[in-house]
1. Got at least one residue in the stretch 324-337 being of a type outside the set (S, T, N, Q), closer than 25 Å to GLY222 by Cβ and buried (at least 19 other Cβ atoms within 10 Å of the Cβ)?
2. Give the stretch 102-155 a look and list any residue that's modelled with pLDDT under 90 and closer than 18 Å to PHE82 by Cα, or say none.
3. Looking only at the stretch 270-286, count how many residues are surrounded by 21 or more Cβ atoms within 10 Å (Cβ to Cβ) and within 19 Å of GLY222 (Cα to Cα).
4. Of the conditions (1) over 30 Å from SER74 (Cα atoms); (2) surrounded by fewer than 18 Cβ atoms within 10 Å (Cβ to Cβ); (3) in contact (Cβ under 8 Å) with a residue 24 or more places away in the chain; (4) among the charged types (D, E, K, R), GLU226 fails just one. Which one is it?
5. I'd like to check something: does the stretch 72-89 contain any residue that is closer than 12 Å to VAL131 by Cα, among the hydrophobic types (A, V, I, L, M, F, W, C) and not in a helix (DSSP H, G or I)?
6. From the set of residues in the stretch 49-92 that are among the hydroxyl-bearing types (Ser, Thr, Tyr) and buried (at least 17 other Cβ atoms within 10 Å of the Cβ), which is nearest to THR167 (Cα to Cα)?
7. Among the residues of the stretch 5-28, are any surrounded by fewer than 22 Cβ atoms within 10 Å (Cβ to Cβ), in a helix (DSSP H, G or I), in contact (Cβ under 8 Å) with a residue 40 or more places away in the chain and aliphatic (A, V, I, L, M)?
8. Every residue in the stretch 53-63 that is in contact with a Leu (Cβ under 7 Å, 6 or more places away or on another chain) and modelled with pLDDT of 85 or more, please.
Amino acid sequence: MSETIVIKIGSSTLVDGTGTLREDVLRRRVGEIAALRARGIDPVLVSSGAIACGLGTLGFAARPDALPDLQAASAVGQGILFARYITEFGALGVVPAQVLLTSADLEHRASYINARNTLERLIGLGAVPVVNENDTTATDELTFGDNDVLAAQVAILLRARLLILLTDRDGLYAPGPDGPVLIGEVPAGTAPDDIALADLPGSGRGRGGIASKLASAAMATGSGVECIVAGAERDGVIPAAVAGEAVGTRFAASGRSEGAFKMWLRHAKPAQGRVVVDAGAVRALIDMGTSLLPVGVVSCDGDFPAGEAVLVVGPDGREVGKGITELSAGEIRAVRGMRSDEALGVIAGGSAEVIHRDRFAPAVR
């Protein structure tokens, strides 16, 4: 039986300081990915590097801040990058498939499913999807932030067994008495803020960093996907990670098993507002798995129609989860604190529930 492994390679390992592709690194990693394909494993590559390639080609000495410059660099660099993947994978008899996504593609349920279906069909046909963010059209409001997050999204979408985040370091490091010490294992359920990290400099060639890797690992492991952060230049790093060898920093997956809808809601659907609930509602949502009723609502922030996603927050300010509302923001404010029969009297034809239990995803803890 085949299994899906998502591998992410960052800009800092694919492109040197002049904006030139490090073809030796790319060629070795492609060889390892093709070998997985030959073993019946389904690899998906999430590759950064398009903007960095384009910057060098267009003559930028440093990464600019202006969005049009970054989009122009991506438009040039994406072709350069994928041409190398076509050449290197093709030499090994493997077909790469370019898949460009924005967060808007995953925000809507229908396009989320379409993205999953396309990726699964490509895998079924024997191709290796090469995924990148569509930086030429994405705006600041519609970006994943970096490809670590995109890779975690893809791993969750495909219910992958393993997410491998390859970077320019051997893994994550903690401060030690004689200098930084490699963190070998991170137990399941460990919050990113609970991991003590050594202060190491970054390369400056990509958007990702240690914080994004921690957040992405938490996303993936919270949905049952094991995650490894490892060095991209180490020979055999991908097969070693897949085989479970001691390589890089390994984040253990939780035992969580949820339906695709709730995983999409938690990780891909952005919240348009916030609903503050009382302690009784927190217990009802988390311990009893019931719907959120008007009586448990304390306040509502934002302006949204019914059918949008909102964060649900407890009286202490901690996130309880995310849900799709049955009522608009104005309706929620109008019925907050009321019994269901009272609420129905206020909103003719409305719902007695603020969020139905089937459309609520508890926060990962």
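1. Yes: the stretch 324-337 contains one or more residues that are of a type outside the set (S, T, N, Q), closer than 25 Å to GLY222 by Cβ and buried (at least 19 other Cβ atoms within 10 Å of the Cβ).
2. If the condition is that a residue be modelled with pLDDT under 90 and closer than 18 Å to PHE82 by Cα, then THR102, GLU133, ASN134, ASP135, THR136, THR137, ASN147 are the ones that fit.
3. Total meeting the criteria: 1.
4. In the conditions (1) over 30 Å from SER74 (Cα atoms); (2) surrounded by fewer than 18 Cβ atoms within 10 Å (Cβ to Cβ); (3) in contact (Cβ under 8 Å) with a residue 24 or more places away in the chain; (4) among the charged types (D, E, K, R), GLU226 misses (2) alone.
5. For the stretch 72-89, residues closer than 12 Å to VAL131 by Cα, among the hydrophobic types (A, V, I, L, M, F, W, C) and not in a helix (DSSP H, G or I): absent.
6. TYR85
7. Yes: one or more hits.
8. So in the stretch 53-63, the residues in contact with a Leu (Cβ under 7 Å, 6 or more places away or on another chain) come out as 53, 63.
Within the stretch 53-63, CYS53 is the sole residue that qualifies.
The values are calculated or read from the model by the stated rules, or taken from the named source; none is laboratory data. All values derive from a computational prediction rather than experimental measurement. Ideal geometry is used to build each Cβ from the backbone, glycine not excepted, and the neighbour counts take in all protein chains shown.
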